[in-house]
1. Could you list, in sequence order, the residues of the stretch A:103-136 that are more than 7 Å from chain B (Cβ to nearest Cβ) and surrounded by 13 or more Cβ atoms within 10 Å (Cβ to Cβ)?
2. Restricting to the stretch B:33-75, what's the tally of residues that are in contact (Cβ under 8 Å) with a residue 24 or more places away in the chain and of a type in the set (S, T, N, Q)?
3. Mind counting the residues in the stretch A:80-100 that are surrounded by fewer than 15 Cβ atoms within 10 Å (Cβ to Cβ) and not in a loop (DSSP other than H, G, I, E, B)?
4. From the list A:LEU30, A:LEU17, A:LEU11, which one is without any contact (Cβ under 8 Å) to a residue 60 or more places away in the chain, surrounded by 13 or more Cβ atoms within 10 Å (Cβ to Cβ) and near DNA strand D (Cβ under 9 Å from one of its atoms)?
5. Sort out which residues of the stretch A:125-140 are in contact (Cβ under 8 Å) with a residue 12 or more places away in the chain and either touching a Pro at 6+ places or on another chain (Cβ under 7 Å) or within 16 Å of ligand 4 (Cβ to nearest atom) (or both), and write them in order of number.
6. Those residues that are more than 30 Å from B:CYS12 (Cβ to Cβ), more than 8 Å from every other protein chain (Cβ to nearest Cβ) and within 13 Å of ligand 4 (Cβ to nearest atom), I need them from the stretch B:76-94; list them, please.
7. Yes or no: A:TYR59 crowded, with 17+ Cβ neighbours inside 10 Å and at pLDDT 95 or above?
There are 2 protein chains.
Amino acid sequence: MQFDADQFRSLCAEHGLAVTHQRQVIYQALMSMHDHPNPEVVYEKVRKRIPSISLATVYKNIKTFVDSGLLREVSLHHGPARLETNLDPHHHLVCIQCKTIVDLDDGDLEPVRLKKKLPRGFSVQRYSVEVIGLCKHCST
Amino acid sequence: MQFDADQFRSLCAEHGLAVTHQRQVIYQALMSMHDHPNPEVVYEKVRKRIPSISLATVYKNIKTFVDSGLLREVSLHHGPARLETNLDPHHHLVCIQCKTIVDLDDGDLEPVRLKKKLPRGFSVQRYSVEVIGLCKHCST
DNA sequence: TATTAAACGATAATTATTATCAAACGTCAA
DNA sequence: TTGACGTTTGATAATAATTATCGTTTAATA
Ligand SMILES: [Mn+2]
Ligand SMILES: [Mn+2]
Ligand SMILES: [Zn+2]
Ligand SMILES: [Zn+2]
């Protein structure tokens, strides 16, 4: 515990962040959850240790962690729905900046192949590959 | 135009949907946009043809089309953000039902390989593979 | 320990989406 | 073709997710 606190202290120092009790509890809550939680779930977990914490503080710290690279978002696609009219199997090129999504034909890619067995009981419906980066327009 | 209208008419018949002017204009707007629009953008486009249309009608029809399989959503991850604490390169197993996201080690997958060149100017940052299906819990 | 910038909590505002409901419309059988 | 009936529409309220605002508190550091 003392050790973790010190680790967090230096993490914050590296990224120029003030060390606050709230920040540390939020970080530890996040790191103890290995199932890609949403902010609300993090809030509920943190509230067990700091009942008076504000939901806004949780959101603000998550943003801070993401901006500092201590944390990521699973996908670029949270927020408004993006609609797909191309019903053929295909993949995507996604720009991290402008969020433009461009189709990548299924045949333009070597088929996805697993080396290991998937967890028992999971039935695969399809594979989705995203090539993530900066589009021409955004990289200038 | 007459032909498209007839096509839409039979599409609706196949899926048990009433043929309305709004529905047809929304569908045609969608099919003419090859860039994965969000509902707001569809609304703006439809409004040029039916200025009096309600945003709710656009949302309701998009939902109807998705439920009928005439349309998809690009990703399962729209809505609340999902947080990623695993900073190692890895991929995901995603359940379409409960939205559970499970890590898939980078080494468990043959590397993604492109057969063709990407569009000029796109700089790749990383690949993200999602194995999409039903988890053990949801498939029973 | 005093100064100062950063962070916090409360809450308002914004954005995205869904729900509600009365009026209008489309379907289909007579 | 008409009329009954279920569906869709438009207006708008409600909800969910997130960000902004702002006065107060706290942490960094000199
Ligand atoms: Mn696509
Ligand atoms: Mn992960
Ligand atoms: Zn871009
Ligand atoms: Zn599931």
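1. Hits for the stretch A:103-136 are A:ASP103, A:LEU104, A:ASP105, A:ASP106.
2. 4
3. Result for the stretch A:80-100: 0.
4. On the way: A:LEU30 fails: near DNA strand D (Cβ under 9 Å from one of its atoms); A:LEU11 fails: near DNA strand D (Cβ under 9 Å from one of its atoms).
None of the other options fit; the residue is A:LEU17.
5. Within the stretch A:125-140, just A:ARG126 meets the criteria.
6. B:VAL94
7. Numbers: crowded, with 17+ Cβ neighbours inside 10 Å: no; at pLDDT 95 or above: yes.
Judged against the criteria, A:TYR59 is not a match.
Every residue, every condition in (1) under 30 Å from A:SER68 (Cα atoms); (2) touching a Ser or Thr at 6+ places or on another chain (Cβ under 9 Å); (3) at pLDDT 95 or above; (4) not in a strand (DSSP E or B), yes or no:
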| position | (1), (2), (3), (4) |
| --- | --- |
| B:HIS77 | yes, yes, yes, yes |
| B:VAL102 | yes, no, yes, no |
| B:GLY107 | yes, no, no, yes |
| B:PRO111 | yes, no, no, yes |
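The values are calculated or read from the model by the stated rules, or taken from the named source; none is laboratory data. These numbers come from a predicted model, not from an experiment. Cβ: placed from backbone, ideal geometry, glycine included. Neighbour counts: every protein chain shown.
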